[in-house]
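*Asks:* Starting off with a structure, shown below.
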Amino acid sequence: MNVIVIGATGTIGAAIAAALRPNHTVIPASRHSEHKVDILDSRSIAALLDANPHTDAVICAAGDAVFKPLADLTDADFTTALSNKLMGQVNVIRCALPRLRPNGAILITTGILGARPMPGGATFSLANGALEAFTRAAALEAPHLRINAISPPWIAETVAALHMPPQPGALPAAHVARTYVAALEGTATGQTIVPS
Ligand SMILES: NC(=O)c1ccc[n+]([C@@H]2O[C@H](COP(=O)([O-])OP(=O)(O)OC[C@H]3O[C@@H](n4cnc5c(N)ncnc54)[C@H](OP(=O)(O)O)[C@@H]3O)[C@@H](O)[C@H]2O)c1
């Protein structure tokens with residue numbers, strides 16, 4: 001398949017791109033990649049897809065929110081989180097729907113904070129819950145495609161980079177990437193898939 005990986009320079013996205021390369025053609029994309037896209041701007045997502053008209057699948061491993069205690073979150077923090085992690089990926093789905101080849105696939109990335117919140121992670125939980133509900137709904141109206149959300153646990157490399165205490169269930173990015181490949185090649189749609 002011809003697969004656009006948005007966030008292909010990131011911790012998870014680079015591992016996805018590496019896992020795909022033996023069997024698929026990867027089009028790596030991000031704000032600073034050769035194939036430029038900013039998920040905050042739906043026109044740039046559409047332009048990326050229009051420039052790659054034979055795309056079968058889009059995987060989004062980008063999308064940020066604001067990690068801060070709930071009492072400290074401002075209106076601007078919520079706007080940032082909702083326009084980035086939530087609407088950025090909703091717009092990836094909206095833009096890809098009419099542009100992918102039939103039998104293609106869209107994978108977005110949510111995360112463990114949707115199902116298992118932690119202090120400071122409220123905007124991630126908010127975005128992840130909404131994305132997982134939207135994925136279920138969008139799949140109903142896209143019988144020609146498969147749309148799924150991948151909900152990774154903490155990534156071991158991220159835990160190390162942030163000098164966090166050990167997080168239960170953390171997995172290396174390369175391990176999590178295998179779940180994306182399996183979801184891309186599988187038959188599920190409308191699901192939230194948790195790497196294990
Ligand atoms: N790491 C974890 O422990 C973990 C756990 C669960 C869920 N997640 C979720 O997984 C996703 C990826 O996380 P990560 O840790 O791999 O992130 P990361 O290492 O910070 O990488 C983010 C990637 O996304 C790109 N990017 C950032 N903003 C973008 C934008 N507006 N438009 C297009 N591309 C953009 C970055 O490249 P450019 O700077 O070139 O744009 C980079 O390639 C996020 O949604 C995160 O919430 C992460």
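The values are calculated or read from the model by the stated rules, or taken from the named source; none is laboratory data. None of these values were measured; they are calculated from a predicted model. Cβ sites come from the backbone with ideal geometry, for glycine too, and all protein chains shown count toward neighbours.
To keep it simple, each residue is scored yes or no on (1) within 17 Å of residue 45 (Cβ to Cβ); (2) more than 14 Å from the ligand (Cβ to nearest atom).
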residue: 57; (1), (2): yes, yes
residue: 65; (1), (2): no, no
residue: 70; (1), (2): no, yes
residue: 83; (1), (2): yes, no
residue: 100; (1), (2): yes, yes
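*Asks:* Let me ask something additional. Count, please, the residues in region 147-163 that happen to be in contact with a helix residue (DSSP H, G or I) (Cβ under 9 Å, 6 or more places away or on another chain), near the ligand (Cβ under 9 Å from one of its atoms) and of a type outside the set (Asp, Glu). It would help to see each step written out before you state the result.
*Replies:* Taking region 147-163 and keeping what is in contact with a helix residue (DSSP H, G or I) (Cβ under 9 Å, 6 or more places away or on another chain), we get 147-153, 155-158, 161.
If we keep only those that are near the ligand (Cβ under 9 Å from one of its atoms) too, we end up with 150-153, 155-158, 161.
Subset that is of a type outside the set (Asp, Glu): 150-153, 155-156, 158, 161.
So the answer is 8.
*Asks:* If you go through region 29-37 one residue at a time, do you hit one that is away from the ligand (no atom under 12 Å from the Cβ), at pLDDT 95 or above and more than 14 Å from the chain's Cα centre (by Cα)?
*Replies:* no
*Asks:* Is it the case that some residue within region 159-166 is surrounded by fewer than 19 Cβ atoms within 10 Å (Cβ to Cβ), in a helix (DSSP H, G or I) and touching a Gly at 6+ places or on another chain (Cβ under 7 Å)? Write out each step before concluding.
*Replies:* Initial filter on region 159-166 (surrounded by fewer than 19 Cβ atoms within 10 Å (Cβ to Cβ)): 159-166.
Going one step further and asking which of them are in a helix (DSSP H, G or I), we end up with 159-161.
In the following step, the residues that additionally are touching a Gly at 6+ places or on another chain (Cβ under 7 Å) were identified as none.
Within region 159-166, not a single residue is surrounded by fewer than 19 Cβ atoms within 10 Å (Cβ to Cβ), in a helix (DSSP H, G or I) and touching a Gly at 6+ places or on another chain (Cβ under 7 Å).
*Asks:* Suppose the filter is within 9 Å of the ligand (Cβ to nearest atom) and either touching a Ser or Thr at 6+ places or on another chain (Cβ under 6 Å) or at pLDDT below 95 (or both); does residue 61 pass it?
*Replies:* On the way: within 9 Å of the ligand (Cβ to nearest atom): yes; either touching a Ser or Thr at 6+ places or on another chain (Cβ under 6 Å) or at pLDDT below 95 (or both): yes.
For residue 61, the condition - within 9 Å of the ligand (Cβ to nearest atom) and either touching a Ser or Thr at 6+ places or on another chain (Cβ under 6 Å) or at pLDDT below 95 (or both) - is met.
*Asks:* Yes or no: region 124-138 includes at least one residue that is surrounded by 19 or more Cβ atoms within 10 Å (Cβ to Cβ), over 22 Å from residue 65 (Cβ atoms) and not aromatic (Phe, Trp, Tyr).
*Replies:* No, region 124-138 contains no residue that is surrounded by 19 or more Cβ atoms within 10 Å (Cβ to Cβ), over 22 Å from residue 65 (Cβ atoms) and not aromatic (Phe, Trp, Tyr).
*Asks:* Does residue 51 qualify as being within 14 Å of the ligand (Cβ to nearest atom) and at pLDDT 95 or above? Give the derivation first.
*Replies:* On the way: within 14 Å of the ligand (Cβ to nearest atom): no; at pLDDT 95 or above: yes.
The answer is no for residue 51.
*Asks:* Could you grab me the full set of residues in region 1-26 that are touching a His at 6+ places or on another chain (Cβ under 8 Å) and within 13 Å of the ligand (Cβ to nearest atom)?
*Replies:* 4, 9
*Asks:* When both residues are 6+ apart or on different chains and their Cβ atoms are under 7 Å apart, which pairs have a first residue that lies in region 162-179 and is free of Cβ contacts under 8 Å to residues at least 24 places away in the same chain, and a second that is buried (at least 16 other Cβ atoms within 10 Å of the Cβ) and part of a strand (DSSP E or B)?
*Replies:* Going by the 7 Å Cβ cut-off, the qualifying pairs are 170/155.
*Asks:* Answer yes or no as to whether residue 12 is among the hydrophobic types (A, V, I, L, M, F, W, C), surrounded by 15 or more Cβ atoms within 10 Å (Cβ to Cβ) and more than 26 Å from residue 161 (Cα to Cα). Quick ask: steps written out before the conclusion?
*Replies:* Values: among the hydrophobic types (A, V, I, L, M, F, W, C): yes; surrounded by 15 or more Cβ atoms within 10 Å (Cβ to Cβ): yes; more than 26 Å from residue 161 (Cα to Cα): no.
It is false that residue 12 is among the hydrophobic types (A, V, I, L, M, F, W, C), surrounded by 15 or more Cβ atoms within 10 Å (Cβ to Cβ) and more than 26 Å from residue 161 (Cα to Cα).
*Asks:* Is there any pair with a first residue in region 182-196 that is touching a residue at least 40 places away in the same chain (Cβ under 8 Å) and within 14 Å of residue 171 (Cβ to Cβ) and a second that is assigned to a helix (DSSP H, G or I) and among the hydrophobic types (A, V, I, L, M, F, W, C) whose Cβ atoms are under 7 Å apart and which are 6 or more apart or on different chains, and what are they?
*Replies:* 193/183; 195/176
*Asks:* So which residues in region 4-38 are part of a helix (DSSP H, G or I) and small (Gly, Ala, Ser), if there are any at all? Give the steps one after another, and end with the answer.
*Replies:* Of the residues in region 4-38, the ones part of a helix (DSSP H, G or I) are 11-20.
Scanning region 4-38 gives 13, 14, 15, 17, 18, 19.
*Asks:* Looking for whichever is more than 11 Å from the ligand (Cβ to nearest atom), buried (at least 16 other Cβ atoms within 10 Å of the Cβ) and modelled with pLDDT of 95 or more here; the options are 186, 121, 190. Which one fits? Give the steps one after another, and end with the answer.
*Replies:* Values: 186 fails: buried (at least 16 other Cβ atoms within 10 Å of the Cβ); 121 fails: more than 11 Å from the ligand (Cβ to nearest atom).
Answer to the check: 190.
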